[in-house]
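Visitor: First the structure, then my questions, so here it is.
Where a number appears in this text, it was derived from the coordinates with a stated rule and is not lab data. Worth saying up front: this structure is predicted, and the values here are computed from it rather than measured. All Cβ positions, glycine included, derive from the backbone under ideal geometry; neighbour counts span all protein chains shown.
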Amino acid sequence: MDVFDQEARDAVQKEVEEFLDAYHDAMEREGLLSEVDYLDNSDDFFWVPPGYESAISYDSVMIILKINAPSIQQMKLEKDYLYVYAHSFEIATYTARLISTVIDTAGVINEVTMLETGTVIKRKKGWQLLNGQSRIISNE
């Protein structure tokens with residue numbers, strides 16, 4: 001059995017950082033519906049989106065994405081910071097401060113700064129977002 005030493009922690013941290021970068025890049029390139037590939041479709045999944053006071057399920061997140069995706073013309077996510085904490089070969093948590101700039105189909109620009117925390121899990125197909133929460137800390 002492999003030992004989860006500092007070298008292993010560093011490797012998991014790097015994998016998760018790359019996963020989150022790919023997730024954000026996909027949203028910028030392909031829009032909100034690209035999130036489907038990055039979310040863990042299991043009964044263990046939950047998320048607390050900005051403005052919500054309780055967690056919602058995978059199915060509820062999918063409904064929200066499908067409703068909102070057509071109204072977004074362009075989006076950009078910029079990391080102010082990202083910290084990843086590797087707990088095992090298959091589980092890590094992260095916290096990030098993100099600046100989200102969204103241009104809707106009417107050309108209106110909305111920029112917000114968000115705090116996000118989450119848990120990622122390594123499945124057969126790779127890392128997936130298992131649960132977490134995002135909240136808006138400022139509107140620009």
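Visitor: Long-range amide H contacts for Leu39: which residues qualify at under 5 Å (H placed 1.01 Å from N, peptide plane, sequence gap of 5 or more or a different chain)?
Guide: Leu129
Visitor: Take the alpha-carbon positions of segment 6-139, form their convex hull, and give its projected area averaged over all directions (one quarter of the hull surface) in nm².
Guide: Seen from a random direction, the Cα hull of segment 6-139 projects 8.0 nm² on average.
Visitor: Okay, next question. Between Asp80 and Asn41, what's the calculated FRET efficiency when r is the beta-carbon distance and R0 is 30 Å? Round to 0.05.
Guide: 0.55
Visitor: Name the aspartates and glutamates eligible as straight-distance cross-link partners of Lys79: C-alpha to C-alpha under 12 Å, and not fewer than 8 places from it in the same chain.
Guide: Glu17, Asp21, Asp25, Glu116
Visitor: Any idea which of Ala26, Ala69, Asn41 is furthest toward the positive side of the dipole for segment 1-119, if Lys and Arg beta-carbons carry +1 and Asp and Glu beta-carbons -1?
Guide: Ala69
Visitor: Report the charge-dipole magnitude of the chain in Debye, nearest 20, computed about the Cα centre from +1 at each Lys and Arg Cβ and -1 at each Asp and Glu Cβ.
Guide: In total the dipole reaches around 200 debye.
Visitor: Taking 0.36 nm per residue of separation and subtracting the Cα-Cα distance, what length does fully extending Lys66 through Ile109 add?
Guide: Gain on stretching Lys66 to Ile109: 13.5 nm.
Visitor: If I model a spin label as a point 7 Å beyond the Cα along the Cα-Cβ vector, how far apart are those points for Arg135 and Ala11 in nm?
Guide: Reported label-point gap for Arg135 and Ala11 is 3.7 nm.
Visitor: Right, next: Obtain the nm distance between the two label points defined at Val48 and Glu18 by a simple spin-label model: each point lies 7 Å from its Cα along the Cα-to-C-beta direction.
Guide: In this crude spin-label approximation the distance works out to 3.2 nm.
Visitor: I've got another one for you. With angles folded into 0 to 90 degrees, how steeply does helix 58-68 sit against the dominant principal axis of the chain? Use alpha carbons for both and round to 10.
Guide: 30
Visitor: Ok, one more. Rounded to whole Å and sorted largest first, list the principal axis extents of the Cα atoms in segment 85-127.
Guide: 44, 22, 8
Visitor: Here's another thing I want to ask about it. Over the chain, with a Gaussian network built from C-alpha contacts below 10 Å, which listed residue (Glu35, Glu90, Glu116) shows the highest mean-square fluctuation?
Guide: In the Gaussian network model the winner is Glu90.
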